[in-house]
Amino acid sequence: MYKYVLKRLLMMIPVLIGVSFLVFFILAVSPGDPARMILGEQATQESVDALRDEMGLDDPVLVRYAHYMGDVLHGDLGTSYKTKLDVLMQVLDRFPNTLILSVAGILVALVIGVPIGILSAKRQYSWVDNLTTVLGLVGVAMPNFWLGLLLVMLFSLHLGWLPSSGMGEGLVPMIKSLILPALTLGTGCAASIMRMTRSSMLEAMRQDYIDTARSKGLKESYITKYHMFKNALIPIITVIGLQFGMLLGGAALTETIFAWPGLGRFMIESIKSKDMPMVLGSAMFLAVMYSVVNLIVDILYAYADPRIKAQYKH
Amino acid sequence: MDNILEIKDLVVRYETEDGLVKAVNSVNLALKQGASVGLVGETGAGKTTLAKSVMRLIQWPPGRIISGEILFEGKDLVSLTQEQMYNIRGKEISMIFQDPMTALNPVMTVGKQIAEVIGVHEAHLDEEGTKKKMEEMLQMVGIDPQRAEEYPHQFSGGMKQRVVIAIALACNPKLLIADEPTTALDVTIQAQVLELIRNLRDKLGTSLLLITHDLGVVAQNCEYVAIMYAGEIVEYGELRDVFHRGAHPYTKGLFDSIPKLTEKVDRLRPIEGMMPDPANLPEGCKFHPRCQYATPECGQVQPPEVDLGGGHIVRCMRYSGGKPIQSGE
């Protein structure tokens, strides 16, 4: 198992090289001059040229990339063009907020998605199943930002129960400000998790060992929990892991709507101001996080299914 | 109570998109206390459906028991609620399933799977007692109790079937239903498993309903035989009567299609044709399209059950009032 984890950690290296190269290249060819951005529209061409020279912007892309990666290997993700602050510190400063939001979002998704998925599998083709199927499709199809705006209209504008944006100071205000963005993020995920739980449960329910379990005189609720759900877990864990990874990296829109000071919103601001080191640093950090989540999912498989654990021994 | 199990006029249907599947059609079957009955028939004859009906394991949708009675010790199982069935399953009646490869939960240790049934039905046992009983069961079926913490994938097919048997017999059921317990196993393992069931029956006095399509297995293990065809029991009687004086043309066909050591045969004689689609059964006798003795009447009238004497029952138009009708052979 340890060997496996180590192998997976080493496999993250090519992933990171790929991500960094792609992002670096895209940023390099995209229009706009970072030096001009930093100095502003009024700056003279001479001062812009001088800055370009100082920043090494006139070197070939590959040379710049090599320089950048050299710094990264020394743990230096560079400094922001805009704020002149250390990129890693800035990223680490914002990441906990994104993590809090993602965890809250995935919890919402789990609490809604898993029980409803189980219920609609147990009552396949009943009105409960049909209703949740429709709601699930709506949930998947509905754009996050739109749902977010609707929630703000209802709970902030009309009812005035919850703040519409920002992150509250202190535990209770923080949780209050977390509810709407977490609901917004969780709903879409809940729908995917629900659909996967349903189909995976239906698959498990058809298996012969369910007949064996029933023939023992076990109660149906017990069979559902320990025989069906435990066997249905692998695909559910997979989809939860994927969703969580997406939340970590892709909460940008929701963070922007709710002015949540997370990494996603920060990254979008950095892209807008063409703050290359910041975009690169955030992207690489998120890639690492995504890989770590995937690794955790793979390790969880081993706990959900002893057959997979047996494979890891080799 | 003479009969531990008495099935009366049982009708089971599956409602599928392809139509109404008539899996079990007014079956009558009695099982004497302590006896063992072999239920023989081709794949698709409705044997497993019949067995699952006794356990009330037919799931709706798509299947359900339409009518009939299943009397277990005089109590009609069909009229019981699912909650009442919890106390019957695993304790009074147990079932061994066809394929040991899929009959065990892959993510639960075998020890736990045996302990579950003990835990449900023997409430007086504490955790320690349940564990001890579970280990005894493993020992009884010839598995080292130390392997209780292992998962099904660490066991061979024969070992898995032993675990399934241990589960089925853990609470000393009065009736054991074995649904083709050896079909998925190697011949050498088959003999071991059957011997195991036989020994345990001798020890515990369990009645047995053995489902199989192997007449040899029936000959060695059963006192009574029921021949099932297209959802009906076409012949029933003591082993000797059915094997030596088989009356129904289908029974005869079955025996003719087995090679015999004592006769020189160039070619086996299979029964012509295929078993009808249970969603589209013929009128009258279900076997008449394949029957060499069929008369026009066979295609119209459902043959009654006729007792040929000594509980040897046959469902065929050639027998009426216990005597064969002249068929002009």
| field | Table column - 3J(HN,Hα) (Hz), segment B:294-300, Karplus curve with 6.51, -1.76, 1.60, x for Gly and Pro | value | 4, 10, x, 4, 4, x, 10
| remark: Amide H proximity to B:Ser36 below 5 Å, modelled H, separation 5+ or other chain, gives B:Leu208, B:Glu223, B:Tyr224
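Quote the FRET efficiency, to the nearest 0.05, computed for B:Glu42 versus A:Ser221 with a Förster distance R0 of 45 Å and r equal to the Cβ-Cβ distance.
E between B:Glu42 and A:Ser221, to the nearest 0.05, is 0.75.
Counting other Cβ atoms within 10 Å, keep those with at most 11, restrict to DSSP loop, and tell me which trypsin sites (Lys or Arg not before Pro) in segment B:85-146 are left. Mind dumping the intermediate values first?
On the way: sites: B:Arg89, B:Lys91, B:Lys112, B:Lys131, B:Lys132, B:Lys133; in loops: B:Lys91.
Answer by residue number: there is no such site.
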| message | Can you sort A:Met153, A:Met167, A:Met69, A:Met267 from fewest to most other Cβ atoms within 10 Å of each residue's own Cβ? | response | A:Met153, A:Met69, A:Met167, A:Met267
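Tell me, Kirkwood radius of chain B from alpha-carbon pair distances, in Å? Please list the in-between numbers first.
Values: mean 1/r = 0.0477 Å⁻¹.
Mean inverse Cα-Cα distance, inverted, gives 21.0 Å.
Longest segment of chain A with no chymotrypsin sites (Phe, Trp or Tyr not before Pro) in a DSSP loop having at most 11 other Cβ atoms within 10 Å? Each step should come with its number before you reach the end.
Working: sites that count: A:Tyr125, A:Trp161.
By the stated rule (loop sites, at most 11 other Cβ atoms within 10 Å), A:162-314.
Want the number for B:Arg240 to B:Glu17: 0.36 nm per residue separation, take away the alpha-carbon distance, what's left? It would help to have the intermediate numbers written out before the result.
On the way: separation 223, 0.36 × 223 = 80.28 nm, distance 4.25 nm.
76.0 nm is the gain from fully extending B:Arg240 to B:Glu17.
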| field | Span per principal axis, largest first, for the Cα atoms of the protein assembly as shown (Å) | value | 119, 58, 53
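Quick one: putting +1 on the C-beta of Lys and Arg, -1 on the C-beta of Asp and Glu, what dipole do you get for chain A around its Cα centre, in Debye to the nearest 20? It would help to have the intermediate numbers written out before the result.
Working: 26 positive and 23 negative charges, 389 e Å.
I would put it at about 1880 debye.
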| field | Two-site label geometry, A:Asp53 and A:Ile299: point separation in nm, points 7 Å out along Cα→Cβ | value | 5.2
| task | Sketch the reach of a paramagnetic label on A:Phe25 as a point 7 Å from Cα along Cα-to-Cβ, and name the residues of segment A:59-87 whose backbone nitrogen lies under 15 Å away. | result | A:61-66
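Quick one: putting +1 on the C-beta of Lys and Arg, -1 on the C-beta of Asp and Glu, what dipole do you get for segment A:2-73 around its Cα centre, in Debye to the nearest 20? Don't skip to the end; give the middle numbers.
On the way: 6 positive and 9 negative charges, 179 e Å.
The calculated dipole for segment A:2-73 is roughly 860 debye.
Quick one: if the Förster radius is 25 Å, what FRET efficiency do B:Asp9 and B:Gln82 give, using the C-beta to C-beta distance and rounding to 0.05? Don't skip to the answer; put the middle values down first.
Working: r = 23 Å, r/R0 = 0.90.
It comes to 0.65.
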| query | Among all stretches of chain A without exposed GluC sites (Glu not before Pro) (DSSP loop, at most 12 other Cβ atoms within 10 Å), which one is longest? | reply | A:170-314
| task | Please report, in cubic angstrom per residue, the volume enclosed by the convex hull of the alpha-carbon atoms of chain A. | result | 176
| When the Kirkwood radius is taken over all Cα pairs of segment A:2-73, what Stokes-Einstein diffusion coefficient follows at 20 °C and 1.002 mPa s, in µm²/s? | 148
| Along principal axes, Cα extents of segment A:1-122, largest first, whole Å | 72, 39, 25
| query | Distance in nm between label sites at A:Leu99 and B:Arg269, each 7 Å beyond Cα in the beta-carbon direction? | reply | 8.1
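Values in this text are rule-based calculations from the coordinates and carry no lab data. From a predicted model like this one, the values you see are computed outputs, not experimental measurements. Here the Cβ is made from the backbone with ideal geometry for all residues, glycine too, and neighbour counts use every protein chain on show.
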